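The values are calculated or read from the model by the stated rules, or taken from the named source; none is laboratory data. Everything numeric in this text was worked out from a predicted model, so none of it was measured. Here the Cβ positions follow ideal geometry from the backbone for every residue, glycine too, while neighbour counts run over all protein chains shown. Accessible surface areas use protein heavy atoms only, side chains included; no ligands, DNA or RNA. Shrake-Rupley method; radii C 1.70, N 1.55, O 1.52, S 1.80 Å.
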Amino acid sequence: VNDSERERKRESVNFLGILQNKRHNLDIRSLSYYPDWASHTLGVFICLSCSGIHRNIPNISKVKSLRMDHWDEAQVQVRVFLPQHGNAVAKATYEAHIPIYYYQPTHADCQVLREQWIRAKYERKEFTELASLFLGLKEGILWKRGRDNGQFLPRKFLLSERDGCLKYFAKPDAKEPKINIKIDTINATFQPVKIRNPNGLQISYLKDNKTRNIFLYHEDGKEIVDWFNAIRAVQVHYLKVAFPMASDNEVRDHLRVITSPPQREAFKKRWFTLDHRRLMYFKDPLDAFAKGEVFVGSREHGYSVKQGLPAGAQGSFSWQYGLTIVTPDREYLFTCETESDQQDWIAAFSRVIEQPMTPQDNVVIELETGRVCHPIRL
């Protein structure tokens, strides 16, 4: 081995040593503690998934494998990489002013969310300066799935912070909206597999105290993510008005996030969705209305989730991955196909049950059951 080869190996060892100190600072929140890729133009460490997105913006980011590619001295910058570059420095620069409502994706989120987050940071530099990305009003065309024929047709949508609502119009020149949806009843989640479009967005809202779903998409990934974050922005405004003493962290915690079966999961005969405190089931995952709903309250009001089915329940031996939802009125029994699905659902139910109920939650349960909710003292 010649001297240049020894020097290259020494630089690689030093570079990986830097990586060990940086393992907790990743581009997107991930389960991987040891990213194997880096952008030598941005000076950041990234995971394999993010490296593919960085390759789509070669004018901004050039990536290499830490273990498989050769790094020359100029790219490694062993002596200056640690103090002048790295994820901590990049975060301080590119994530200096992220609005409270802007959703920061994790490794588990869909491609369009992760890609637009990375492009917003490095390509568009949306968070380097203090500026409002949403000015209180958004209007545009989205493709909406028809309730009866299942076809996606262009529909005009209007989101207003002042009015606190989302409207859509059957025709672009229509003066009156077909539906006016209050922002405090809305939940939005990306469902690309369910909608069969990489930019598929599901809007859930209450109508006559029942949950209805609207399925949308836009061909432009940035546009559909902008709509998603605009809805969150209006929700933040609503929460700040409703709870003026709440801190930013408390408002962020109360932003409603839908929890549903993993996006990779195949369609089943009964598709379940946990939307805040509403557990709904559908015969078809693209049904506009749920076939049934169960309200999931808090632990202090007598709600809990248990692993497995009650002894003696029908199917308790043949179904290994059961779970039981306990309410003040009755128990609901469910089964999953895999242990992973079972644990995911138990974790999702537990997160909801451990949260205290809001005054709005109490109103909902009183309307649905006629029962006034008081905490159960144990």
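Of the residues making up the stretch 353-370, at least one is open to solvent by less than 80 Å² (accessible area, probe 1.4 Å), at pLDDT 85 or above and in contact with a strand residue (DSSP E or B) (Cβ under 9 Å, 6 or more places away or on another chain). Taken over the stretch 296-335, the residue count meeting the criterion of being more than 21 Å from ARG270 (Cα to Cα), open to solvent by less than 60 Å² (accessible area, probe 1.4 Å) and modelled with pLDDT under 80 is 1.
One residue stands out in the stretch 199-226 among those that are open to solvent by 50 Å² or more (accessible area, probe 1.4 Å) and of a type in the set (Lys, Arg): the one that is farthest from ALA290 (Cα to Cα), namely LYS222. Exactly one residue out of ARG67, ARG55, ARG119 is over 21 Å from the mean Cα position of the chain (by Cα), at pLDDT 90 or above and not acidic (Asp, Glu), and it is ARG55. Quick check on my filter: what residues within the stretch 21-50 are modelled with pLDDT of 65 or more, assigned to a loop (DSSP other than H, G, I, E, B) and polar (S, T, N, Q)? Once the filter is applied, which keeps residues that are modelled with pLDDT of 65 or more, assigned to a loop (DSSP other than H, G, I, E, B) and polar (S, T, N, Q), the stretch 21-50 yields only THR41. Being outside the structural domain of LYS62 (by the TED database) and either under 15 Å from GLY221 (Cβ atoms) or out of contact with any Lys or Arg (no Cβ under 8 Å at 6 or more places or on another chain) (or both): is that true of GLU129 here? So GLU129 fits the description; yes.
Of the residues examined, ASP208 is not one that is out of contact with any Pro (no Cβ under 6 Å at 6 or more places or on another chain) and modelled with pLDDT of 95 or more. Per this entry, GLU115 is counted among residues that are among the acidic types (Asp, Glu), open to solvent by less than 60 Å² (accessible area, probe 1.4 Å) and not in a loop (DSSP other than H, G, I, E, B). Scanning the stretch 159-198 for residues that are under 25 Å from VAL112 (Cα atoms), open to solvent by less than 50 Å² (accessible area, probe 1.4 Å) and touching a Pro at 6+ places or on another chain (Cβ under 7 Å) yields LYS167, TYR168, PRO192, LYS194.
For (1) touching a residue at least 60 places away in the same chain (Cβ under 8 Å); (2) surrounded by 13 or more Cβ atoms within 10 Å (Cβ to Cβ); (3) in contact with a Ser or Thr (Cβ under 9 Å, 6 or more places away or on another chain), each residue gets a yes or a no:
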position: LYS91; (1), (2), (3): yes, yes, no
position: ALA96; (1), (2), (3): no, no, yes
position: ARG145; (1), (2), (3): yes, yes, no
position: LYS156; (1), (2), (3): no, yes, no
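Where strands (runs of 3 or more DSSP E) fall wholly inside the stretch 122-211, the ranges with 2 or more residues that are farther than 30 Å from ILE60 by Cβ are 137-145, 152-160, 165-169, 179-182, 201-207.
The requirement of being modelled with pLDDT under 85 and in a loop (DSSP other than H, G, I, E, B) is not satisfied by ARG252. Within the stretch 51-74, the only residue that satisfies the criterion of being part of a helix (DSSP H, G or I), open to solvent by less than 70 Å² (accessible area, probe 1.4 Å) and of a type in the set (A, V, I, L, M, F, W, C) is ILE53. With respect to SER350, is the statement that it is at pLDDT below 60 and not aliphatic (A, V, I, L, M) true? Here the answer is no, as SER350 does not meet what is asked.
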